[in-house]
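Notes follow the structure.
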Amino acid sequence: MARTTRSDIERTLVDSAREPASEPPGPAPAPAAEVELDMADLVGDHNGEIVFCNDSGFRSLAIRTDLRIVADGQAEAHVTAAGDDVSGFKFVKFENGVTLFYEEGLQLIVSGG
């Protein structure tokens, strides 16, 4: 299971980003994820399932990998081998068999490694 918490620096950056800009807005930058992880850094249970719990309320998560997504959707009633109830969570399954479950409301961005 992966949990996220924001550091003091991240909280300051988020707060300052919410303040109105003093200069006229330029072109919108490409959206960036608030959290970026490499697939190689994620450890699943013995069934290859990873659960990402978003306790910090992040809006976006980027996973860097060269693996293809072979399935995605919303989990029906399911408990992982580690004992996590992921019923209703969104999921993506990668070609290596790893399945990442994540909570509704979190934007998942999968990009090449």
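The values are calculated or read from the model by the stated rules, or taken from the named source; none is laboratory data. What you are looking at is a predicted structure, and each value in this text was computed from that prediction instead of being measured. Cβ: placed from backbone, ideal geometry, glycine included. Neighbour counts: every protein chain shown.
Assorted remarks:
- Test result for residue 45, modelled with pLDDT of 90 or more, closer than 20 Å to residue 112 by Cβ, of a type outside the set (Val, Ile, Thr) and part of a loop (DSSP other than H, G, I, E, B): no
- Subset of the range 65-107 (residues that are farther than 13 Å from residue 47 by Cβ, of a type in the set (Phe, Trp, Tyr) and touching a residue at least 40 places away in the same chain (Cβ under 8 Å)): 94, 102
- Residue count, the range 66-113 (criterion: within 12 Å of the chain's Cα centre (by Cα), of a type in the set (A, V, I, L, M, F, W, C) and not in a loop (DSSP other than H, G, I, E, B)): 7
- Candidates are the residues of the range 73-101 that are among the acidic types (Asp, Glu) and more than 22 Å from residue 38 (Cβ to Cβ); the one that is surrounded by the fewest Cβ atoms within 10 Å (Cβ to Cβ) is 76.
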